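Single-structure report; data block below.
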């Protein structure tokens, strides 16, 4: 049994009206990868904020012991100075500065008060080597993909001689290859004695790399599982997280599929700025009434681009091809027209593209179909309240009332508001882009239930998702997309994760 | 007691600036030995600030979309100059001139809107350019000299008073009657919305507070009307401002257009992806601003009874400041017409009060700057408190 590097004892943290952490104890052994899992709102982030000094000493109860000493962190700088670094979900790099400048931001090597660029670049090279990023230190952050930016964040942490690295959902926005790389890197660090805490929703990756798993629920520690000692199964982790057996991660459904109502023919889209790059190539697809059609693919396969270009040319240039509804070609040249013609698209980025966060639930729900709540010249407040209340109940949106601001809702409930907005617009075709990203297991189940319900009401649904189990669990039929092309189509009963991945890999090789 | 506290807390942001205005007025009332509240001064105060208020209403929409228009002062001067040239030099009919001026104002707004909404040039730059362009045009139009005086009909829009139908000697009874009617309408509407809210089980002010609030509103209206009535009655511009305030309050609160403008200011991309043509909205707001600037330009010229090349100089700053003092957010999506009015009045009362007290223009500027800073600071503090 190796030495304990961090011990948090009986931590309690109360916000007005909510007990976010209730007597949580948590200890991490040196050299481990310690996973921290739990639903959204379980208290993971709060716990890490207590640890890193975002919530300073005195604003919580309990003790923190780091490397054998009791610590009273006043702020982040304080915890960083003893070697605790936290990498947030939202990256904190400055896009228009170079890699080297970012790594040493606030910590620049100086000579007589002037930045020593040579030293900065030299040292950056070493750090980049450690994290396995082959880029010049002078490259601007904005020119890097998300995966590489993540690595720069880690290099930055290492430059501060970190002893405990905390990663908050590091792979949430990475594709599979980049996620894989990042996890390998953690394992590599471990060999050199680094300790890390990994917060994640992805159970598979936790199972793969974590030595110890601590599960939080409702601000309390439920269980700590030790690899080798305890049997670690997905079912057990999920049960601990949600507090009930989720024998079915997906609600059962009976599909009643009608005639084909929606069709896209020979759809071609070019990149909006690099106009020689074709993002969607000769895409053809159909969706039937009451059917849930999945589009599987890796990140960057062109799925979101396809959806957004169909949705009123919201993405791309020089778009050609036809969109047909009930066999008649419809005009989708602007979002306004697409919505009028019965298409709805719930974006993958609900905070910056889906919701007006500073406005209330009611306003967000009715935004896409204000004509429908008009009474004469004005907005009919009764109609609006009724509409919002109806969807609040139908989708069980958990909010104190419909006047609550969207920004104060949890991720899952925000997603329900976005879906409500589109249901209120009464579309025939509903495109859902990563509808369960970043939301917890319980809320996911609810979203799946909603999808089923909508399909049974006769809507045609297109589901874009990077999680293959989700595609397999929810859809009737699956399109596989890679590098802008549809490379395969299969009914769900013939599909498996292996088959889908195989199809993607196969076409990649052929093209490569 | 607890509920009393929470009521105060919940409403302080909404009414904070209004309360500040009242305190400022009381302060100057005392420190100017009552001169501030004299009928003639109150009338002056309204006339002096009418053009700022008219533009502040237009600017509210622009600020809610998340940008500012720096050209309004120059546009105001330009249209004043245009009116003068048409009427004084070319003897155009007053009403024809007014229509032409409003149309040109719309065209000016469309010019700004075209670059901002459809060519995606930052509004700051477009309107900064507009500020120079239209200042240049007014200099050219007037050959650098003042043009006036205006026909009496035109002067009346800025310095006239509504006619008295009762002819009661020494007292403008019509003004009182208008005040009474207005009070009844306001109380009735507020009561109706309260009843509706109760029906939907939303939180409403407790009855005593409701009565208290309405009592204050009614006494403010009646007080103003009484003061005005004992001088020359309600000025025409006050009616104009009142009508504009009501129309724009309805637009912002009750119409689809208003809802869309606020949504756009809150999150432009999300609004666009909800099937709303945000470019057209932005364009509309600038056209609207142009028309209101033109109106303000005419009011200002009519009040001075001449158009000068310097007219409207730095008005944009007062107009923008009025909105921020009134609680509008610099990032868009937040702000009210009433807030803009209150903000404009705070600036106006400060100007007026300090002038009466004989404070020099240099210190007036310093104090106005501090008030702007403190008002926004107060807002930020409130937001942070409620955020936690």
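Condition check ((1) out of contact with any strand residue (DSSP E or B) (no Cβ under 6 Å at 6 or more places or on another chain); (2) assigned to a loop (DSSP other than H, G, I, E, B); (3) under 20 Å from residue A:352 (Cα atoms)) across all residues:
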site: A:368; (1), (2), (3): yes, no, yes
site: A:372; (1), (2), (3): yes, no, no
site: A:384; (1), (2), (3): yes, no, no
site: A:387; (1), (2), (3): yes, no, no
site: A:390; (1), (2), (3): yes, no, no
site: A:398; (1), (2), (3): yes, yes, no
site: A:401; (1), (2), (3): yes, yes, no
site: A:412; (1), (2), (3): yes, no, yes
site: A:418; (1), (2), (3): no, no, yes
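Number of residues in region B:331-373 that are under 17 Å from residue B:17 (Cβ atoms) and over 20 Å from the mean Cα position of the chain (by Cα): the value is 2.
When B:266, B:179 are screened for being within 14 Å of another protein chain (Cβ to nearest Cβ) and in contact (Cβ under 8 Å) with a residue 40 or more places away in the chain, only B:266 passes. Residue A:356 meets the conditions (1) surrounded by 23 or more Cβ atoms within 10 Å (Cβ to Cβ); (2) more than 9 Å from every other protein chain (Cβ to nearest Cβ); (3) outside any strand (DSSP E or B) in every case but one. The failed one is (2). Out of the residues in region B:227-260 that are away from chain A (no Cβ under 14 Å) and in contact with a strand residue (DSSP E or B) (Cβ under 7 Å, 6 or more places away or on another chain), state the one that is nearest to residue B:277 (Cα to Cα). The qualifying residue nearest to residue B:277 (Cα to Cα) is B:236. Taking the listed residues A:59, A:45, A:52, A:27, the one that is surrounded by fewer than 24 Cβ atoms within 10 Å (Cβ to Cβ) and touching a helix residue (DSSP H, G or I) at 6+ places or on another chain (Cβ under 6 Å) is A:52, with no other qualifying. Residue by residue through region B:296-330, note down the ones that are surrounded by 22 or more Cβ atoms within 10 Å (Cβ to Cβ), farther than 29 Å from residue B:148 by Cβ and over 14 Å from the mean Cα position of the chain (by Cα). If the condition is that a residue be surrounded by 22 or more Cβ atoms within 10 Å (Cβ to Cβ), farther than 29 Å from residue B:148 by Cβ and over 14 Å from the mean Cα position of the chain (by Cα), then no residue fits. Residues that are away from chain B (no Cβ under 14 Å), more than 20 Å from residue A:202 (Cβ to Cβ) and touching a residue at least 60 places away in the same chain (Cβ under 8 Å) within region A:408-428 comprise just one, A:428. Determine whether residue B:280 is within 10 Å of chain A (Cβ to nearest Cβ), in contact (Cβ under 8 Å) with a residue 60 or more places away in the chain and closer than 22 Å to residue A:378 by Cα. Here the answer is yes, as residue B:280 does meet what is asked.
Is it the case that residue B:184 is within 17 Å of residue B:243 (Cα to Cα) and either surrounded by 20 or more Cβ atoms within 10 Å (Cβ to Cβ) or free of Cβ contacts under 8 Å to residues at least 12 places away in the same chain (or both)? When the stated conditions are applied, residue B:184 passes them.
Within region B:187-210, none of the residues are over 30 Å from residue A:362 (Cβ atoms) and in contact with a helix residue (DSSP H, G or I) (Cβ under 7 Å, 6 or more places away or on another chain).
Conditions (1) in a strand (DSSP E or B); (2) closer than 21 Å to residue A:31 by Cβ; (3) in contact with a strand residue (DSSP E or B) (Cβ under 8 Å, 6 or more places away or on another chain), marked per residue:
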site	(1), (2), (3)
A:161	no, yes, no
A:183	no, yes, no
A:188	no, yes, no
A:213	yes, yes, yes
A:225	yes, yes, yes
A:238	no, no, no
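With respect to residue B:293, is the statement that it is buried (at least 24 other Cβ atoms within 10 Å of the Cβ), under 28 Å from residue B:132 (Cβ atoms) and away from chain A (no Cβ under 14 Å) true? Judged against the criteria, residue B:293 is a match. Among the conditions (1) more than 9 Å from chain B (Cβ to nearest Cβ); (2) over 18 Å from the mean Cα position of the chain (by Cα); (3) in a helix (DSSP H, G or I), the only one that residue A:304 does not satisfy is (2). Exactly one residue out of B:108, B:88 is over 30 Å from residue B:266 (Cα atoms) and either within 24 Å of the chain's Cα centre (by Cα) or not in a loop (DSSP other than H, G, I, E, B) (or both), and it is B:88.
Here is a yes/no grid of residues against (1) over 16 Å from residue B:127 (Cβ atoms); (2) surrounded by 20 or more Cβ atoms within 10 Å (Cβ to Cβ); (3) in contact with a helix residue (DSSP H, G or I) (Cβ under 8 Å, 6 or more places away or on another chain):
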{"residue": "B:73", "(1), (2), (3)": "no, yes, yes"}
{"residue": "B:80", "(1), (2), (3)": "yes, yes, yes"}
{"residue": "B:83", "(1), (2), (3)": "yes, yes, yes"}
{"residue": "B:87", "(1), (2), (3)": "yes, yes, yes"}
{"residue": "B:90", "(1), (2), (3)": "yes, no, no"}
{"residue": "B:99", "(1), (2), (3)": "yes, no, no"}
{"residue": "B:102", "(1), (2), (3)": "yes, no, yes"}
{"residue": "B:109", "(1), (2), (3)": "no, yes, yes"}
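The residues of region A:334-353 that are out of contact with any strand residue (DSSP E or B) (no Cβ under 7 Å at 6 or more places or on another chain), within 8 Å of another protein chain (Cβ to nearest Cβ) and under 26 Å from residue A:398 (Cβ atoms), listed by number, are A:352, A:353. For region A:82-126, residues that are under 25 Å from residue A:198 (Cβ atoms), part of a loop (DSSP other than H, G, I, E, B) and touching a helix residue (DSSP H, G or I) at 6+ places or on another chain (Cβ under 8 Å) total 5. The residues of region A:328-362 that are free of Cβ contacts under 8 Å to residues at least 24 places away in the same chain and farther than 15 Å from residue A:411 by Cα, listed by number, are A:328, A:329, A:330, A:331, A:332, A:333, A:334, A:340, A:341.
Just so you know, in region A:364-400 the residues that are surrounded by fewer than 17 Cβ atoms within 10 Å (Cβ to Cβ) and touching a residue at least 40 places away in the same chain (Cβ under 8 Å) include one that is farthest from the other protein chains (Cβ to nearest Cβ), and it is A:396. Looking across A:222, A:237, A:295, A:261, one residue alone is surrounded by 13 or more Cβ atoms within 10 Å (Cβ to Cβ), in contact with a helix residue (DSSP H, G or I) (Cβ under 6 Å, 6 or more places away or on another chain) and modelled with pLDDT of 90 or more. It is A:295.
The values are calculated or read from the model by the stated rules, or taken from the named source; none is laboratory data. Small disclaimer: the values here were computed from a predicted structure and weren't measured. Positions of Cβ are generated from backbone atoms using ideal geometry, with glycine treated the same way; all protein chains shown enter the neighbour counts.
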